[in-house]
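**Student:** Have a look at this one.
The values are calculated or read from the model by the stated rules, or taken from the named source; none is laboratory data. Everything numeric here is computed off the predicted structure, so don't read it as measured data. Because the Cβ atoms are built from the backbone with ideal geometry, glycine has one as well, and the counts that use them run over all protein chains shown. The accessibility values were calculated without ligands, DNA or RNA, using every heavy atom of the protein model including side chains. Shrake-Rupley method; radii C 1.70, N 1.55, O 1.52, S 1.80 Å.
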Amino acid sequence: MTPADLIPAARVQRGSPGHFVLDEATVLDAGPGTAATARWLRGALGAATGLPLDPGTGDGARGRAVRLRIDTGVTDELGPEGYRLRVDTEAVTLRGGGPAGVFWGAQTLRQLLGPEAFRRAPVTADRRWALPGTLIEDSPRFGWRGLMLDVARHFLPKDDVLRYLDLLAAHKLNVLHLHLTDDQGWRIEIKRYPGLTETGAWRPRTKYGHRASPLWEEKPHGGYYTQDDIREIVAYAARLHITVVPEIDIPGHSQAAIAAYPELGNTDVIDTSALSVWDNWGITENVLAPTDNVLRFYEAVFDEVLDLFPSTYVHVGGDECLKDQWRRSPTAQTRIKELGLADEDALQSWFIRHFDSWLTERGRRLIGWDEILQGGLAPGAAVSSWRGYAGGITAAQAGHDVVMCPEQQVYLDHRQHGGADEPVPIGFVRTLEDVYRFEPVPPRLTDDQARHVLGTQANVWTEVMENRARVDYQAFPRLVALAEVAWSSLPDSAERDFADFERRMSVHYGTLDALGVDYRPSGGPLPWQRRPGVLGRPIEGTPPNV
Ligand code: ACM
């Protein structure tokens, strides 16, 4: 493994003669502010190599040491997430612009040791562990480099989420957006409203195959994270310099909550007490009622969410809120008149604005899917632009922050190959190369407007992914391409060297193997992945949706 093989590619990397050999005598010397990364590195490399990497004797450590330092010179040049890594035969010196920079540099250091450095125990006796001589200077293009995991459609147990955090960190991704609530399940314990998980976390059966398929798996599905689980996830993420952004989706995508607390729905339109957690996919018209009681209910929910998640950004969803019930609801129509609003879109905007002010008063920032632009964007809101670039462009031009995640490019639930043996029956084809050529900043933005693009994230919706292997298969290897797009300063889309990325991927597949990732190999699904029931419920008889 050489510095030229790194993924994501480093900003500047030069080879230099010689190697630094790690052995029993190598010390890991942590300067002020770097103890946490030293612990992480000692744990990760200690497991893979069996070497102790004992602490040095502080600044007195001489000779064959790996030194971690925070360096304000690096901060000035490369920012707090930047780092400079120098490897020569006598020493490894990793200088970060801040604790995060040291941590990302440590990720590079591990990658330079080769795929075996990602294993949990040594597999080769007497292996020589050596780092190639190099000078690397690196820093991320974007501050928001993320993955959204939909843990609502299919619950992903806590251990799987923790494992995903490790996978994100290994690729220098720093945001995990957790889609915690939807029509088909509520996945976070809220002490004030236990019904949200007692009732809302479970659905009686699950539709499988293509959206139009007549097939249901007739067994309950569900699960949720306790508040302690969430605290653990957030704390584990923080150690990896990852922010967990919670999403509580309102006012649409709320049927699981309404099934638990029927008074949240439009009771003057339908009998909401007859609703259950939804057992189908798509968009339901059962949305929250625009009443003060509903606002108070969700304020109490968000109160607990804020206690658990330190993230500045809190996601309120806002997508795909059908307005049919509001159009028929005397309560909603009275509200529209009382507030002097133009229509139901403006009523949704009123709903979102309420939580924008509410979050702002508590020192947080609201972020929502680009439908929150309909009826006027709340003053402090940031936008996740998913229906293409348009919402993000409008928002950035109006001075709002944006995370670019257009469905057409970075929705990893879409199939990655058109082949008949591709096991996931959803959406159009988006290949590894398509994701690699994704450009988060639309050329038509001015420099000032472009600064509002915080970054990008891939979104993994899990209607057809009922377990970790399915999520892995959809996310990888495309998430690796997204990581490079988010971190590295790549040329314009058409000029990107995909052949070089593929060359580096040929090494990186070994890393994914060591990490136990069930990725899609470049030649197509592995035989075991094709087997129905192993990667996905059977799909026979369901039309491919390409
Ligand atoms: C979305 O895909 N509904 C945000």
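**Student:** Quick one: in region 357-376, of everything that is buried (at least 22 other Cβ atoms within 10 Å of the Cβ) and more than 24 Å from Glu285 (Cβ to Cβ), which residue is farthest from the ligand (Cβ to nearest atom)?
**Tutor:** The selected residue is Leu359.
**Student:** I would also like to ask the following. From the list Asp448, Asp472, Asp497, which residue is of a type outside the set (S, T, N, Q), within 27 Å of Leu6 (Cβ to Cβ) and open to solvent by 10 Å² or more (accessible area, probe 1.4 Å)?
**Tutor:** Among Asp448, Asp472, Asp497, only Asp497 is of a type outside the set (S, T, N, Q), within 27 Å of Leu6 (Cβ to Cβ) and open to solvent by 10 Å² or more (accessible area, probe 1.4 Å).
**Student:** Okay, next question. Based on this model, can you work out whether Ser311 counts as open to solvent by less than 10 Å² (accessible area, probe 1.4 Å) and more than 24 Å from Ile188 (Cα to Cα)?
**Tutor:** Considered against the rule, which asks whether it is open to solvent by less than 10 Å² (accessible area, probe 1.4 Å) and more than 24 Å from Ile188 (Cα to Cα), Ser311 comes out as no.
**Student:** Sort out which residues of region 427-484 are part of a loop (DSSP other than H, G, I, E, B) and either aliphatic (A, V, I, L, M) or within 16 Å of the ligand (Cβ to nearest atom) (or both), and write them in order of number.
**Tutor:** Gly427, Phe428, Val429, Arg430, Val441, Leu445, Trp461, Thr462, Glu463, Val464, Met465
**Student:** Quick check on Ser349: is it of a type in the set (S, T, N, Q), away from the ligand (no atom under 16 Å from the Cβ) and part of a loop (DSSP other than H, G, I, E, B)?
**Tutor:** no
**Student:** As an exercise: evaluate Thr267 against (1) part of a loop (DSSP other than H, G, I, E, B); (2) touching an Asp or Glu at 6+ places or on another chain (Cβ under 9 Å); (3) surrounded by 16 or more Cβ atoms within 10 Å (Cβ to Cβ) and give the number of the one condition it does not meet.
**Tutor:** (2)
**Student:** Please work out which residue is nearest to the ligand (Cβ to nearest atom), limiting yourself to region 331-342 and to residues that are open to solvent by 60 Å² or more (accessible area, probe 1.4 Å) and assigned to a loop (DSSP other than H, G, I, E, B).
**Tutor:** Ala342
**Student:** Ok, one more. So if I check each of Thr272, Thr243, Thr206, which one is in contact with a Leu (Cβ under 9 Å, 6 or more places away or on another chain), crowded, with 18+ Cβ neighbours inside 10 Å, among the hydroxyl-bearing types (Ser, Thr, Tyr) and in contact (Cβ under 8 Å) with a residue 40 or more places away in the chain?
**Tutor:** On inspection, the qualifying residue turns out to be Thr243.
**Student:** Restrict the check to region 406-413 and report whether at least one residue is in a helix (DSSP H, G or I), over 28 Å from Ala346 (Cα atoms) and within 16 Å of the ligand (Cβ to nearest atom).
**Tutor:** Yes, region 406-413 has at least one match.
**Student:** Is there a residue in region 307-330 that is of a type in the set (Val, Ile, Thr) and in a helix (DSSP H, G or I)?
**Tutor:** No, region 307-330 contains no residue that is of a type in the set (Val, Ile, Thr) and in a helix (DSSP H, G or I).
**Student:** Another question about this same structure. Condition first: hydroxyl-bearing (Ser, Thr, Tyr), in contact (Cβ under 8 Å) with a residue 40 or more places away in the chain and away from the ligand (no atom under 16 Å from the Cβ). Can you find one or more residues in region 313-322 that meet it?
**Tutor:** No, region 313-322 contains no residue that is hydroxyl-bearing (Ser, Thr, Tyr), in contact (Cβ under 8 Å) with a residue 40 or more places away in the chain and away from the ligand (no atom under 16 Å from the Cβ).
**Student:** Are any residues in region 79-92 open to solvent by 30 Å² or more (accessible area, probe 1.4 Å) and of a type outside the set (D, E, K, R), and if so, which ones?
**Tutor:** Within region 79-92, Pro80, Thr89 qualify.
**Student:** Yes or no: region 76-86 includes at least one residue that is part of a loop (DSSP other than H, G, I, E, B) and more than 33 Å from the chain's Cα centre (by Cα).
**Tutor:** no
So that you can scan it fast, the table gives a plain yes or no per residue for (1) surrounded by 14 or more Cβ atoms within 10 Å (Cβ to Cβ); (2) of a type outside the set (Gly, Ala, Ser); (3) modelled with pLDDT of 95 or more; (4) under 34 Å from the mean Cα position of the chain (by Cα):
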| residue | (1), (2), (3), (4) |
| --- | --- |
| Ala25 | no, no, no, no |
| Leu28 | yes, yes, yes, yes |
| Pro32 | no, yes, yes, yes |
| Thr37 | yes, yes, yes, yes |
| Trp40 | yes, yes, yes, yes |
| Thr49 | yes, yes, yes, yes |
| Gly60 | no, no, no, no |
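**Student:** Output the residues belonging to region 172-224 that are modelled with pLDDT under 95, assigned to a loop (DSSP other than H, G, I, E, B) and either closer than 30 Å to Glu484 by Cα or polar (S, T, N, Q) (or both).
**Tutor:** Within region 172-224, just Ser213 meets the criteria.
**Student:** Scan region 1-22 residue by residue and report those that are open to solvent by 60 Å² or more (accessible area, probe 1.4 Å) and either over 23 Å from Arg127 (Cβ atoms) or of a type in the set (Asp, Glu) (or both).
**Tutor:** Within region 1-22, Arg11, Gln13, Arg14 meet the criteria.
**Student:** Would you mind telling me which numbered condition in (1) out of contact with any Lys or Arg (no Cβ under 9 Å at 6 or more places or on another chain); (2) without any contact (Cβ under 8 Å) to a residue 40 or more places away in the chain; (3) more than 25 Å from Glu371 (Cα to Cα) Arg231 fails?
**Tutor:** If we test Arg231 against (1) out of contact with any Lys or Arg (no Cβ under 9 Å at 6 or more places or on another chain); (2) without any contact (Cβ under 8 Å) to a residue 40 or more places away in the chain; (3) more than 25 Å from Glu371 (Cα to Cα), just (2) comes out false.
**Student:** Also, I was wondering about something else. For region 378-398, name all the residues that are open to solvent by less than 40 Å² (accessible area, probe 1.4 Å), away from the ligand (no atom under 16 Å from the Cβ) and in a loop (DSSP other than H, G, I, E, B).
**Tutor:** Within region 378-398, Ala378, Gly380 qualify.
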